[in-house]
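The values are calculated or read from the model by the stated rules, or taken from the named source; none is laboratory data. Only a predicted model underlies this, so the values are computations on that prediction, with no experimental measurement involved. A quick note on method: Cβ atoms are made from the backbone with ideal geometry, for glycine too, and the neighbour counts reach across all protein chains shown.
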Amino acid sequence: MSSDTRLTAWVHGYVQGVGFRWWTRSRALELGLTGHATNTRNGRVQVVAEGPREQCERLLTLLRSGDTPGQVDLVVEDWAEPTGQYTGFEER
């Protein structure tokens, strides 16, 4: 059984137009994760990351750390089985 997982995180706050997606991509790549960080119409950023559970949890901790660009007010997380559809991590 694979230890890989899929994290979907909706990041609320002042997170668009401040380099947040670039920062998230950099952290995800450092952790060896695949997926994307995408601006949503309602001002949130959706982060989808796949890889080892421990690395996904580290990314989630970083998203909540207060050391991100902008201002994160809330991160809502959802865990699922990985789809394996990503080959890198991109900003969308």
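Working carefully through the options 51, 35, 43, find the one that is surrounded by fewer than 17 Cβ atoms within 10 Å (Cβ to Cβ), small (Gly, Ala, Ser), at positive phi and at pLDDT 95 or above.
43
Residues to consider are 53, 64; find the one that is within 19 Å of residue 17 (Cα to Cα) and touching a strand residue (DSSP E or B) at 6+ places or on another chain (Cβ under 8 Å).
Residue meeting the stated conditions: 64.
Taking residue 5, is it within 10 Å of the chain's Cα centre (by Cα) and either within 19 Å of residue 87 (Cβ to Cβ) or surrounded by fewer than 16 Cβ atoms within 10 Å (Cβ to Cβ) (or both)?
no
Has region 66-77 got at least one residue that is under 21 Å from residue 4 (Cβ atoms), loosely packed, with under 12 Cβ neighbours inside 10 Å, modelled with pLDDT of 95 or more and not aromatic (Phe, Trp, Tyr)?
no
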